[in-house]
Amino acid sequence: MKQSNSPKYRAESDSMGERQIPDQAYYGIQTLRAIENFPISCIKPLPTYIDACILIKKATAIVNGELACIPPEVGQAIVQATDEVLKGKFRDQFVVDIYQAGAGTSHHMNINEVLANRALEILGDEKGNYKRVSPNDHVNYGQSTNDVIPTAIRIGGLLALSHTLHPALESAIETLKSKAIEFQNVIKSGRTHLQDAVPVRLGENFSAWAQILSEHHDRIYSASGDLMVLGLGGSAVGTGLNTHPQYRARVVRVLSELTSLPLQTAPHLMAAMQSMAPFVNVSGALRNLAQDLVKISHDLRLMDSGPKTGLKEIQLPPVQPGSSIMPGKYNPVMAEMMSMVCFQVMGYDSAIALAAQAGQLELNVMMPLIAYNLIHSIEILGNAVASLSKRSIKGILVKQERCLAYAEGSLALVTALNKHIGYLNAAAVAKESLETGKSLRQIVLDKGLMTDEELSKVLNLEKMSQILNLS
């Protein structure tokens, strides 16, 4: 007899009826309905968001088991299942599209079903026997999508910041500071309005960028403090219905231990459920950072423009061929990538703002969009900053002679003559230099406006390019 290779199924039922679930699947009937209902983007939940949800389920299983709200052996099996997922198992079972049922119920039930079915296996039972371990009555005891999902967004955001963006920013800041020291004695022409300006030090450009990123790091860190305040324990509408009196405080304490984060319970659970302000605040800080990163990326591209017909004051490291048709061409691809990521983050921020104001009464149903956009923004910004720093900024070389030539040839040097010959005379000198090609020095000497010794002191590029020390 030939052995049949046809897939096996198990029957599961919910309030809407019965369906056949592939027996190898750890998700259940509610997840299956979501798969059928939301074939939208083919984008699945971010791993960091899954981690956040699983950590919450681990904390709730521990506390509900300790409080005898669920059988101890069931609680232990759920905890073991969460540990397995956190180690990377069963990740292919979290399958609901990010554009889904409002508030995130579909994703939440996907989490509950996977953990319930794995807990059943751990207990030696069959998947789908929800009388023994129920996605709703055990894994989700004392919880609701409405308090779990906003908590998961908070935890996911904090995890993404600590694992991705903060380390990337800190490393980039140190790289920029190192370049600032390396290039401190390189004099170049300043530019305002993309026109010649008085000379600056290339090192100070990099020092300024390091300061800008440092200030953004602090702003984002400050904004992330809002994510530490959790509404977990509010259950359906923020009243704590169906929760043990000790659950609220204990679950936040356990979650703090699991995440090593100083989490605290919200002073008003209903407020924590309704307002998306913490996410808007963090997203706004990310957008602010993205805007300056675009500016820095564009500066790098301008300074590297050429090699023959642009500024070419610096050389960004070539990392790949730049053209499918022009041989020998290299492009500033890392800076280009950085700008594109930043534009995406700005778009995500706009979508978060729209979603945040779209709540009604006791709930904001747009949380799945906020969850994906916020965590993804953090992670792509962090990855992009890390790549730009490592593969571009760290290896920048300077074209020192070219920088100096631009600085010496800039008409803006006439600015230093203002207090010696007056603004109008200085403007006339600049105009004549531009029309005749004569140097500023020669015209001033020809007109007898200053002596050669006086000019040498005033047009000292080393002194002109130093930042004044006012301390």
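Laid out as a table, the results:
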{"read-out": "Net dipole in debye of segment 11-102 [+1 Lys, Arg Cβ; -1 Asp, Glu Cβ; about Cα centre; nearest 20]", "value": "260"}
{"read-out": "Sites residue 171 and residue 320, calculated FRET efficiency, Cβ-Cβ separation with R0 30 Å, nearest 0.05", "value": "0.85"}
{"read-out": "Among 269, 311, 347 the positive-end extreme of the charge dipole of segment 226-357 (Cβ point charges)", "value": "269"}
{"read-out": "Sorted peptide list for 395-406, 117-128, criterion being average Cβ within 10 angstrom, highest first", "value": "117-128, 395-406"}
{"read-out": "For peptides 45-57, 18-30, 148-160, sequence by mean Cβ density within 10 Å, most packed first", "value": "148-160, 45-57, 18-30"}
{"read-out": "Förster radius 60 Å - calculated FRET efficiency between residue 425 and residue 336 (Cβ-Cβ, nearest 0.05)", "value": "0.85"}
{"read-out": "Full-stretch length increase - residue 197, residue 40 - with 0.36 nm per residue and alpha-carbon distance subtracted", "value": "51.3 nm"}
{"read-out": "Separation between Cα centres of segment 86-135 and segment 1-70, rounded to whole Å", "value": "3"}
{"read-out": "Net lengthening on full extension, residue 270/residue 402 (0.36 nm per residue, minus Cα-Cα)", "value": "41.3 nm"}
{"read-out": "Spatially proximal lysines relative to residue 431 (Cα-Cα < 26 Å; intrachain offsets below 8 disregarded)", "value": "188, 419, 447, 457, 463"}
{"read-out": "Förster radius 60 Å - calculated FRET efficiency between residue 23 and residue 208 (Cβ-Cβ, nearest 0.05)", "value": "0.45"}
{"read-out": "Cross-link reach list, aspartates and glutamates versus residue 57, counting only Cα pairs under 15 Å and skipping chain neighbours closer than eight places", "value": "66, 83, 84, 113, 137, 147, 257"}
{"read-out": "Heavy-atom accessible area per residue - segment 211-266, 1.4 Å, Å²", "value": "48"}
{"read-out": "Percent accessible area from carbon and sulfur atoms, segment 331-471, protein chains only, probe 1.4 Å", "value": "56"}
{"read-out": "Extension reserve of the residue 222-residue 451 stretch, reckoned as 0.36 nm per residue once the Cα distance is removed", "value": "76.9 nm"}
{"read-out": "With every protein chain in place, segment 1-79: carbon and sulfur % of accessible area (1.4 Å)", "value": "53"}
{"read-out": "Sequence-distant residues sharing a close amide H with residue 9 (under 5 Å, placed H)", "value": "23"}
{"read-out": "Karplus-derived HN-Hα couplings along segment 373-380 (A = 6.51, B = -1.76, C = 1.60, θ = phi - 60°), whole Hz, x at Gly and Pro", "value": "5, 5, 5, 5, 4, 4, 6, 6"}
{"read-out": "Of all accessible heavy-atom area on segment 215-263, the percent that carbon and sulfur account for (1.4 Å)", "value": "52"}
{"read-out": "Hz values of 3J(HN,Hα) by residue in segment 427-437 - Karplus curve (6.51, -1.76, 1.60), Gly and Pro given as x", "value": "4, 5, 4, 4, 5, 5, 4, 5, 6, 9, x"}
{"read-out": "Heavy-atom accessible area per residue - segment 267-384, 1.4 Å, Å²", "value": "44"}
{"read-out": "1.4 Å probe accessible area per residue over segment 24-110, in Å²", "value": "38"}
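The values are calculated or read from the model by the stated rules, or taken from the named source; none is laboratory data. Since we're looking at a predicted model, the values are computed, not measured. Heads up, the Cβs are rebuilt from the backbone with ideal geometry, glycines too, and the neighbour counts pull from every protein chain shown. These accessible areas exclude ligands, DNA and RNA; they are computed on the full protein's heavy atoms, side chains included. Shrake-Rupley method; radii C 1.70, N 1.55, O 1.52, S 1.80 Å.
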